[in-house]
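Everything below concerns the one structure shown next.
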Amino acid sequence: MSHQNMKSAIFGNSYVICVISIVLILVSLAECREPSSIKLNSFDYHAINCRKHNAVLTDFGAVGDGKTLNTKAFNSAITNLSQYANDGGAQLIVPPGKWLTGSFNLTSHFTLFLQKGAVILASQDESEWPKLSFLPSYGREKDAPDGRFSSLIFGTNLTDVVITGNNGTIDGQGSTWWDKFQKKQLKITRPYMIEIMYSDQIQISNLTLINSPNWFVHPIYSSNIIINRLTILAPVDVPNTDGIDPDSCTNVLIEDNYIVSGDDCIAIKSGLDGYGIKVGKPSQKIIVRRLTCISPKSAMVALGSEMSGGIQDIRIEDITAINTESAVRIKTAVGRGAYVKDIFVKGMNLNTMKYVFWMTGAYKSHAENGFDPKALPKISGINYRDIIAKNVTIAGQLDGISNDPFTGICISNVTIEMSAQKNNLPWNCTDVSGVASNAVPKPCDMLPEKKIECPFPTDKLPIENVQFKTCNFQS
Ligand SMILES: *[C@@H]1O[C@H](CO)[C@@H](O)[C@H](O)[C@H]1NC(C)=O
Ligand SMILES: *[C@@H]1O[C@H](CO)[C@@H](O)[C@H](O)[C@H]1NC(C)=O
Ligand SMILES: *[C@@H]1O[C@H](CO)[C@@H](O)[C@H](O)[C@H]1NC(C)=O
Ligand SMILES: *[C@@H]1O[C@H](CO)[C@@H](O)[C@H](O)[C@H]1NC(C)=O
Ligand SMILES: *[C@@H]1O[C@H](CO)[C@@H](O)[C@H](O)[C@H]1NC(C)=O
Ligand SMILES: *[C@@H]1O[C@H](CO)[C@@H](O)[C@H](O)[C@H]1NC(C)=O
Ligand SMILES: *[C@@H]1O[C@H](CO)[C@@H](O)[C@H](O)[C@H]1NC(C)=O
Ligand SMILES: *[C@@H]1O[C@H](CO)[C@@H](O)[C@H](O)[C@H]1NC(C)=O
């Protein structure tokens, strides 16, 4: 570049910068004149669908003082908005405040949006919770014999539902429920926080969920589900507070979640014993990635123990566990029937674990009416690779079922640093077969060394191709 050209380039640039500065000043002056409320109540967000109609919870008489019960307001708001299902759908805004409520039901083509500072508080009064009949793939409930409470946010037979927000909070106020459960005072099974049944196209994202009475998020008999950017928090010593439990679901994407729980961070299920076999709905085509989990008493991802509709094509990638009992665990039992197959795990970073690999063929719980001893689960094609683990007590406890071994186990590129309190036997295997490659410490003899990189699918599942829309909301 000649000296002259350089000079004009510099002048040119400073001219451009000057014009930009003037424009910026004009824009900020213009902004100053706008009432600030307009700015506060306008925002963009990403969702599977945007909505034509909007309403605010307060339009329906809700009071956000943390004391007034708003069950009627939620139900009448959603009933009112359900009329727009075939006219562009509707969105219910939950503004900042503390909104005490019992259970309410969702509708189709609907978005529940929790603004920043909005807290939905679950009522601890049992009369605010309708009773539901048993889930067909489970028969009776395990908590209590007389049925189950509807979840705080419940939906059945729906299409196109979004539950999201600017990191608003849903607080299950679980303490009284955990207490009653531990004192065996419940006749009806504790409610979940969010349960969606027989539904299609579901998004649950950008929220903080705390202290659920029971499991947090339970999609069942549903498909095309995206669950992302959730912060899920429960004390690590309270019962059954599983984070996300896809149950007999197909095409599920679970990504970028942070979960601290007293039970499994994620548990993939499909029904119990004869009930699950009869319903026969598998959990399949499920992705779990970029999860961080803390669960000292349970698994980062459990497969089962209820798996009687089958579990297959599960892809788990890039996940982190800290102070967690086990990583990706398989739990099953004689009587479950069905299968767990084509499981792929790639990229785990683990710190302070009891077990890195744990498979159990004799999990204790059964349906109340017993089980068929001939219904043997088939466990095969279980692939793990690229794992770093520190401070581990037991590298692998792999227990298949006699006469029904777990087959096709593949473990490659694994480095496990054992803790000072390590077990004398880092690997302990019965009734399993497979291969291992480049794993330290050396696996049990049932997994002989073979130079191999365990497979991980390279194709995309349909749920990965869903395009988010940019939705704008202005009040
Ligand atoms: C969730 O957060 C991400 C990252 O901040 C943002 O891109 C996305 O629009 C948010 N989604 C919703 C529904 O607010
Ligand atoms: C509910 O829906 C009707 C239209 O059917 C509308 O007129 C009414 O204002 C809505 N909102 C409330 C708060 O009832
Ligand atoms: C929600 O729907 C279920 C099933 O249709 C019903 O039993 C329950 O009473 C409803 N809950 C409310 C709060 O209306
Ligand atoms: C919901 O769908 C299931 C399965 O298709 C069906 O058995 C049930 O009757 C439906 N319930 C309602 C309330 O439509
Ligand atoms: C959402 O809120 C939780 C709890 O306050 C916080 O830990 C988390 O970092 C927040 N997430 C985002 C994306 O702001
Ligand atoms: C082995 O796993 C580590 C992560 O744990 C990864 O960084 C590395 O690339 C893997 N090596 C091979 C050869 O795949
Ligand atoms: C290692 O694990 C033990 C539990 O097995 C725990 O008490 C200890 O704090 C952990 N150490 C580190 C350095 O994380
Ligand atoms: C090995 O596993 C079996 C159960 O399959 C158990 O009974 C035994 O105690 C274990 N051994 C060690 C040393 O942990």
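In what order do SER103, SER326 fall by count of nearby beta-carbon atoms within 10 Å, going from fewest to most? Can you show the working numbers first?
Working: SER103 21, SER326 26.
Sorted ascending by nearby Cβ count, the order is SER103, SER326.
At 222 nm, what helix-only mean residue ellipticity would the chain give, in deg cm²/dmol to the nearest 500, using -39500 (n - 2.57) for each DSSP H run of four or more?
Working: 5 runs with 62 residues, N = 475.
For the chain, the value works out to -4000 deg cm²/dmol.
If I fit a long axis through the Cα atoms of helix 3-33 and take the longest principal axis of the Cα atoms of the chain, what angle between them do I get, 0 to 90°, rounded to 10?
Relative to the chain, helix 3-33 is tipped by roughly 90 degrees.
State the Cα centre-to-centre distance between segment 296-339 and segment 49-122 in whole Å.
Using only Cα atoms to place each centre, the spacing works out to 35 Å.
For CYS444, which sequence-distant residues (separation of 5 or more, or a different chain) have an amide H within less than 5 Å of its own amide H, given hydrogens modelled in the peptide plane?
none
Take ILE196, ILE226 and order them by how many other Cβ atoms sit within 10 Å, fewest up front.
Fewest-to-most Cβ neighbours within 10 Å comes out as ILE226, ILE196.
Compute the distance in nm between two label points, each set 7 Å from the Cα along the Cα-to-Cβ direction, one at THR458 and one at VAL440.
Each label point lies 7 Å from its Cα, and together they span 2.9 nm.
By how many degrees, between 0 and 90 and to the nearest 10, does the Cα long axis of helix 71-81 differ from the longest principal axis of the chain?
That works out to roughly 70 degrees.
Can you give the extra length, in nm with one decimal, that the chain gains between VAL63 and ASN391 once fully stretched, where that is 0.36 nm per residue apart less the Cα-Cα distance?
Values: separation 328, 0.36 × 328 = 118.08 nm, distance 4.98 nm.
Using 0.36 nm per residue and subtracting the Cα-Cα distance, I get 113.1 nm.
Taking every DSSP beta bridge that has both residues in the chain, what percent is antiparallel when rounded to the nearest 5? List each step's numbers first, then the result.
Numbers: 9 of 152 bridges.
Antiparallel: roughly 5 percent of the beta bridges in the chain.
Give the calculated FRET efficiency between ASP318 and ASP125 to the nearest 0.05, with a Förster radius of 60 Å applied to their Cβ-Cβ distance. Don't skip to the answer; put the middle values down first.
Working: r = 42 Å, r/R0 = 0.70.
Efficiency computed from Cβ-Cβ geometry: 0.90.
5 Å is the cut-off here: which amide hydrogens, built 1.01 Å from N in the peptide plane, fall below it relative to ASP160, excluding neighbours closer than 5 in sequence?
HIS109, ASP200, GLN201
Roughly how compact is segment 116-165, stated as its Cα Rg over 2.2 N^0.38 Å to two decimals?
On the way: Rg = 14.0 Å, N = 50, 2.2 N^0.38 = 9.7 Å.
Ratio of Rg to 2.2 N^0.38 Å for segment 116-165: 1.44.
Work out how far the C-alpha atoms of segment 39-210 reach from end to end along every principal axis, then list the three figures in whole Å, largest first.
Taking the Cα atoms of segment 39-210, the three principal extents are 50, 34, 25 Å.
Just grab the label-to-label distance for ASP404 and LYS116, each label 7 Å out from Cα along the Cβ direction, in nm (one decimal).
5.3 nm
Can you work out the Karplus-derived ³J(HN,Hα) for every residue in segment 370-377? Use 6.51 cos²θ - 1.76 cosθ + 1.60 with θ = phi - 60°, whole Hz, and x for glycine or proline.
3J(HN,Hα) across segment 370-377, in whole Hz: x, 8, 8, x, 8, 7, 8, x.
Round to the nearest 0.05 the FRET efficiency obtained for LYS450 and LEU425 when R0 = 30 Å and r is the Cβ-Cβ distance.
On the way: r = 22 Å, r/R0 = 0.74.
Efficiency, from the Cβ-Cβ distance: 0.85.
Using a 10 Å cut-off on Cβ atoms, rank the peptides 65-76, 428-439, 270-281, 198-209 from the highest mean neighbour count down.
Sorting 65-76, 428-439, 270-281, 198-209 by mean packing, highest first, produces 270-281, 198-209, 428-439, 65-76.
Would you mind getting me the FRET efficiency between PHE134 and SER42? Use the beta-carbon distance for r and R0 = 60 Å, nearest 0.05. Please report the intermediate quantities before stating the final value.
Numbers: r = 45 Å, r/R0 = 0.75.
Efficiency, from the Cβ-Cβ distance: 0.85.
Quick one: what are the phi-derived ³J(HN,Hα) couplings along segment 43-54, Karplus 6.51/-1.76/1.60 with θ = phi - 60°, whole Hz, x for glycine and proline?
7, 9, 8, 9, 8, 5, 8, 9, 10, 7, 10, 10
From the C-alpha gyration tensor of the chain, pull out the three semi-axes of the equivalent ellipsoid (sqrt of 5λ each), sorted largest to smallest, in whole Å.
Numbers: eigenvalues 355, 217, 75 Å².
Whole-Å semi-axes of the equivalent ellipsoid: 42, 33, 19.
Values quoted throughout were computed directly from the atomic coordinates according to the rules given, and no laboratory measurement underlies them. Note that the coordinates shown come from a computational prediction; the quantities given were computed from them, not determined experimentally. Ideal geometry is used to build each Cβ from the backbone, glycine not excepted, and the neighbour counts take in all protein chains shown.
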